[in-house]
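Okay, so here's the structure we're looking at.
All of the numbers you see were taken from the coordinates with simple rules; none came from a lab. These numbers were taken from a predicted model, which means no experiment stands behind them. Here the Cβ is made from the backbone with ideal geometry for all residues, glycine too, and neighbour counts use every protein chain on show.
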């Protein structure tokens, strides 16, 4: 069982938040403080210890795809744009662009190999 009975001190909470903000892996922080990786996440983003200042901003969650947005992505890919460039242009992760344009990208690859 990970952890120990009792709570983290205010100084430990601040250290966890600072190390997470600095890009240190959750696994390393969890090992150092003898807590779970989930606890590191909860502390860092203020789900726990929310009464202490310095919580990190929660990561952005992507909204659902709108039909017009999917249409625009597909048109962009049909015009020869790459999936990574489309991800930048539309502010979406590359796997999102690939998901909606994979048939177009597959046809393009097929043409290149023939």
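Descriptive notes on the structure:
- In the chain, the longest principal axis of the Cα atoms and the axis of helix 94-113 are about 40 degrees apart.
- Structure-derived Rg/Rh (Cα atoms, Kirkwood Rh) - corresponding label in (1) 1.39; (2) 1.23; (3) 0.95: (2)
- Between residue 47 and residue 84, the FRET efficiency from the beta-carbon distance, with R0 = 41 Å, is close to 0.80.
- Listed residues 20, 82, 41, most fluctuating in the chain (Gaussian network, C-alpha, under 10 Å): 82
- Rounded to 10°, Cα long-axis angle of helix 67-78 versus longest principal axis of the chain: 60 degrees
- With the simple model of a label 7 Å out from the Cα in the direction of the Cβ, residue 38 to residue 56 spans 1.9 nm.
- Within the chain, helix-based [θ] at 222 nm, where runs of 4 or more DSSP H residues each add -39,500 (n - 2.57), nearest 500: -18000 deg cm²/dmol
- Gain upon complete extension [residue 111, residue 18; 0.36 nm per residue less C-alpha separation]: 28.5 nm
- Relative contact order of the stretch 1-59: 35 percent, from C-alpha pairs under 8 Å at least 6 residues apart in sequence.
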